[in-house]
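Q: I have a structure here, written as structure tokens, and I will follow up with some questions on it.
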């Protein structure tokens, strides 16, 4: 079975060694993995990768994800771009160009989020669902989504047991507390995977309906993130409330927080166990892709 590899050890070099990908520190090999068992590679922060290693990985259809040390998605090295199912892209472009269809598709993502927040909080969101149904502009839809997000994070804050973490609301760029730092990290990692998954399915990840494209932002990935955001956030809450992570796992620098190197490794291992090894999320993704295609048709 192939695996996703996460490389977090800073100031190391990734090289090809025979039929393996190896990591070196001060010219000493500290880790290696057979190429035929690698599915994807995540590289965090100040890590070098040689061109022979890149070429070797690409020759075996292994995507290389480049992220900053605090998890911001920087780019993807891949030997393929969009999947061969161009008919999906044509549906996507037609829906994007049709104002009514575009609004209906944006509503699809917001309704998915409303349902998830309603289930999570146990509150009645009929008002928001009705308002979404009657909305006829992009700004109205965004306002509804924003209101639901505020309610979710208020509930999230109330469930957080450790007040010393300093979390009051969702903030980023920079993350002013450990909770926001871990939320940003998990969102970024999942966004990176969605980018690859959506491209492989044949969608254009830069053509979206709820989020507007900014620069190199793969905004369709952010659209799909709304389906998973509650589950991802709840996992972060679990990590703090169970004491798996605490303020001691973070470094504070210029009013921003980020994980220590050993804590980053711990986090990516837990992320992998809960969101990659557990196949329920890939099944949910497939289910929602099918729903999305139905909306586009």
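Q: When you scan the range 139-170, how many residues do you find that are in contact (Cβ under 8 Å) with a residue 40 or more places away in the chain and in a loop (DSSP other than H, G, I, E, B)?
A: Number of matching residues: 3.
Q: Test residue 197 against the stated conditions and say whether it is modelled with pLDDT of 90 or more, touching a helix residue (DSSP H, G or I) at 6+ places or on another chain (Cβ under 8 Å) and in the same structural domain as residue 154 (by TED's automatic domain parsing).
A: no
Q: Just to verify a result, which residue in the range 241-265, among those that are assigned to a helix (DSSP H, G or I) and either free of Cβ contacts under 8 Å to residues at least 12 places away in the same chain or assigned by TED's automatic domain parsing to the domain that holds residue 44 (or both), is surrounded by the fewest Cβ atoms within 10 Å (Cβ to Cβ)?
A: Here the answer is 248.
Q: Further, regarding this structure: If you take the residues of the range 171-207 that are in contact (Cβ under 8 Å) with a residue 24 or more places away in the chain, farther than 22 Å from residue 70 by Cβ and in a loop (DSSP other than H, G, I, E, B), which of them is farthest from the chain's Cα centre (by Cα)?
A: Within the range 171-207, the match that is farthest from the chain's Cα centre (by Cα) is 202.
Q: Follow-up. Please specify each residue of the range 4-21 satisfying the condition of being under 22 Å from residue 69 (Cβ atoms) and either part of a loop (DSSP other than H, G, I, E, B) or under 26 Å from the mean Cα position of the chain (by Cα) (or both).
A: Selection gives 4, 5, 6, 7, 8, 9, 10, 11, 12, 13, 14, 21.
Q: Now for a different question. Tell me yes or no: at least one residue of the range 122-130 is touching a helix residue (DSSP H, G or I) at 6+ places or on another chain (Cβ under 8 Å), modelled with pLDDT under 95 and in a helix (DSSP H, G or I).
A: The answer is no, given that none of the residues of the range 122-130 is touching a helix residue (DSSP H, G or I) at 6+ places or on another chain (Cβ under 8 Å), modelled with pLDDT under 95 and in a helix (DSSP H, G or I).
Q: A follow-up question, please. Test residue 118 against the criterion of being outside any strand (DSSP E or B) and surrounded by fewer than 19 Cβ atoms within 10 Å (Cβ to Cβ), and give yes or no. Let's see the steps before the verdict.
A: Numbers: outside any strand (DSSP E or B): yes; surrounded by fewer than 19 Cβ atoms within 10 Å (Cβ to Cβ): no.
Considered against the rule, which asks whether it is outside any strand (DSSP E or B) and surrounded by fewer than 19 Cβ atoms within 10 Å (Cβ to Cβ), residue 118 comes out as no.
Q: From the list 106, 53, which residue is surrounded by 20 or more Cβ atoms within 10 Å (Cβ to Cβ) and under 30 Å from residue 155 (Cα atoms)?
A: 106
Q: Also, I was wondering about something else. Looking only at the range 37-73, count how many residues are in contact with a strand residue (DSSP E or B) (Cβ under 8 Å, 6 or more places away or on another chain) and either in the same structural domain as residue 206 (by TED's automatic domain parsing) or in contact (Cβ under 8 Å) with a residue 40 or more places away in the chain (or both).
A: Within the range 37-73, residues that are in contact with a strand residue (DSSP E or B) (Cβ under 8 Å, 6 or more places away or on another chain) and either in the same structural domain as residue 206 (by TED's automatic domain parsing) or in contact (Cβ under 8 Å) with a residue 40 or more places away in the chain (or both) number 12.
The values are calculated or read from the model by the stated rules, or taken from the named source; none is laboratory data. All of these numbers come straight from a predicted model, not from anything done at the bench. Glycine also receives a Cβ, built like all others from the backbone with ideal geometry; neighbour counts cover every protein chain displayed.
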